Amino acid sequence: MVFADYLHEGYLPFLIILGSSLLFGFILDRFVLQIFLNRFKEKDSIAQAVISVLRGKVTFIVFFIGLYIALEASPLSPIAIKYTASVCVIILIVLFTRAFSQIVINAIKNANEDITGAVKTYSIIINLVRIVFFCIGLLIILRTLDISITPMLTALGVASLAVALALQDTLGNLFSGISVIAGKRLKPGSYVKLESGQEGIIEDISWRSTVLRESNANRIIVPNQKIASAIITNYSLTEEHILVKLPVGIAYDSDLELVTSVVLEEAAKVQDEVLGEKESFEPIFRYTAFTPSSINFVIIAKAPDYNRQFILTDKLIRAIHKRFILEKIDIPFPVQTVILKKDDEL
């Protein structure tokens with residue numbers, strides 16, 4: 001059968017609607033959405049998230065909507081139209097469900113994005129959102145196909161008892177993770193220390209475990225049940241900034257006033273460099289003790305967070321040591337005097 005025969009049999013309106021929908025979807029996807037994306041690029045993150053998700057899907061959505069409408073104008077048999085229309089509806093439900101779930105996920109990520117651009121969110125929440133939308137889409141598809149879900153719910157109710165017994169630890173970790181998130185005391189980006197001694201930045205709270213990233217980039221995997229019942233020190237709960245104390249000793253013949261001014265000057269420079277801006281907090285200098293070989297003091301400066309305190313300490317040591325060499329200020333070695341007594345018999 002040639003193309004003219006299809007036109008003669010009444011396929012022309014069907015093909016026109018189908019072709020028009022495909023062309024309209026392509027133009028909407030490639031050009032119109034791009035214009036809106038550029039317009040809302042910096043003004044509205046929600047609109048940007050919606051448009052970015054719809055890009056690449058609009059062509060298919062409009063095409064299947066056009067196919068569904070075009071079936072009314074096609075000379076196909078009622079059975080063929082019915083099944084084709086059902087396939088179109090199922091595909092549209094899948095596309096819309098995936099699009100809406102991705103929009104919600106992007107909105108959650110945007111809401112938890114910090115000023116540095118790092119996303120601080122939980123994979124457990126993202127997975128739960130996907131599961132919820134999947135279930136909603138599945139129920140709509142079953143409803144569209146006139147399939148009763150009552151027997152399925154009954155079977156799932158009986159099977160869930162066996163599943164709950166078999167997955168006690170998994171479900172325990174799942175609900176422990178949800179309770180930790182609901183408590184709002186621990187979240188990705190927080191620097192914590194466990195009672196067992198491990199410490200690091202919370203990288204993620206998943207359905208089974210919490211991931212801590214140590215300063216050396218190693219990962220510590222802790223079950224959520226352990227996290228929920230453990231005693232944890234959260235250094236980021238109230239304020240991310242932390243005070244760093246650096247003890248130093250100088251020789252007894254040093255000029256104490258010169259030492260004070262030199263150390264405060266270098267500490268202020270290093271603190272501003274690590275913080276990235278001029279900070280209202282002034283470094284604190286205090287002499288603390290006389291020891292057998294030195295006069296000890298401590299310098300206190302402010303670090304941006306618990307993890308970067310090590311960077312601040314490193315820069316302080318380098319800067320103070322370099323300046324002490326220029327000012328000829330000695331950091332003495334410990335000195336011990338050993339007295340040897342001769343035996344009286346000798």
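We did not get these values from a lab; they are worked out from the coordinates using the rules stated. The shown structure was predicted, so the numbers you read here are calculated from the model rather than taken from an experiment. Cβ sites come from the backbone with ideal geometry, for glycine too, and all protein chains shown count toward neighbours.
Under the simplified labelling scheme, the LYS245-ILE79 pair shows an inter-label distance of 8.6 nm, with each label point 7 Å from Cα along Cα→Cβ. What FRET efficiency, computed as 1/(1 + (r/R0)^6) with R0 = 22 Å and r the Cβ-Cβ distance, is obtained for ALA182 and ARG219, rounded to the nearest 0.05? Working from the Cβ atoms, E equals 0.35. Size estimate for the range 176-253 follows the Kirkwood approach: the inverse of mean 1/r over distinct Cα pairs works out to 13.8 Å.
The label-point distance for THR291 and LEU142, in a model that sets each label 7 Å from Cα toward Cβ, rounds to 7.2 nm. Scattering from the range 242-327 was approximated by placing one identical point on each alpha carbon and applying the Debye formula without solvent; log10 I(q)/I(0) at 0.12, 0.17, 0.26 1/Å stands at -0.34, -0.66, -1.35. Distance between the 7 Å Cα→Cβ label points at GLU265 and ILE131: 6.3 nm.
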